Amino acid sequence: MSSSPDLATTTQPPAPAQPTRSQRRSNSKRERAYLPWRYLGYVGYYVGAGLISGAVVHHPMAPARYSMIAASGLLVFLLATVLNDLVLAAERQPLSRILRVLGTSTMLSFGLGMLSGGMQHFADLPERCAVLIPLGIVLSFVAFFLKEAKRPWRRIFSLTGLAILILTAVTFFALRHIAPTMAESGGGHSHSDAVTEKESDEDQEGGHHSDTTNPSSQPPASPNATHPSKEPGHDDDGHQH
């Protein structure tokens, strides 16, 4: 039995056109020209995250100072993001994509800062870092998939997201269990102790200056006090006249 000519035949999509030699040469030249700028972008990533990591850990010690450091780190991180993801992108990005990149990059920078800063200073501030580390894991994970994935919520609420959630819970309870022992042993160099020592040194210096500037006045010693054995009516040789 012969096949019917009316049967629909499947058509294969045409193969994508291969770039010509001139196009490949042009792309290679552009990549070489962009390489130093990409380097600056990656430097900005790490410098910004480093500034934020120190600021989120030490913020309670000097809120105004470390808020400025965190804002500076965020600015550096966002400039690096704009350079790598928008300026050097192969295609022009729409406004919605630009806003999404900036928002998720802000979340990502603080998530990485909490994670790296908490790991670095856990011995110094165990109670605070026991919260920062798990929070940094969750925040950086969510921010990364919101920024990079085409269907972010499907990737977040997946087996990978469940594994991250379990890891975060285990990390939190483990660090909360270890933190009291770290605080009792006094491991690491304590920033709070350094602040206390500095204040005590300033108090001692202030007391020393007050002693030198305001010496206690003593009444002059009477001649009788210096020579109590001498009495009126006696000369130096001890004979009475």
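The values are calculated or read from the model by the stated rules, or taken from the named source; none is laboratory data. Predicted, not measured: the structure shown is a model, and the values here were computed from it. Cβ: placed from backbone, ideal geometry, glycine included. Neighbour counts: every protein chain shown. The area values use the complete protein model at the heavy-atom level, side chains included, leaving out ligands, DNA and RNA. Shrake-Rupley method; radii C 1.70, N 1.55, O 1.52, S 1.80 Å.
Suppose the filter is over 25 Å from residue 86 (Cβ atoms), in contact with a helix residue (DSSP H, G or I) (Cβ under 9 Å, 6 or more places away or on another chain), open to solvent by less than 30 Å² (accessible area, probe 1.4 Å) and not in a loop (DSSP other than H, G, I, E, B); does residue 133 pass it? So residue 133 passes the test. In summary, residue 153 fulfils each of the numbered conditions (1) surrounded by fewer than 15 Cβ atoms within 10 Å (Cβ to Cβ); (2) touching a Phe, Trp or Tyr at 6+ places or on another chain (Cβ under 9 Å); (3) over 26 Å from residue 89 (Cβ atoms) with the single exception of condition (3). Only one entry in 179, 143 is open to solvent by less than 40 Å² (accessible area, probe 1.4 Å), of a type in the set (Gly, Ala, Ser), in a helix (DSSP H, G or I) and touching a Pro at 6+ places or on another chain (Cβ under 7 Å), namely 179.
Here's the yes/no breakdown for (1) surrounded by fewer than 22 Cβ atoms within 10 Å (Cβ to Cβ); (2) in contact with a Pro (Cβ under 9 Å, 6 or more places away or on another chain); (3) aromatic (Phe, Trp, Tyr):
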site	(1), (2), (3)
73	no, no, no
77	no, no, yes
85	yes, no, no
93	yes, no, no
108	no, no, no
112	no, no, no
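Scanning segment 63-102 for residues that are among the aliphatic types (A, V, I, L, M), modelled with pLDDT under 90 and under 16 Å from residue 38 (Cα atoms) yields a total of 5.
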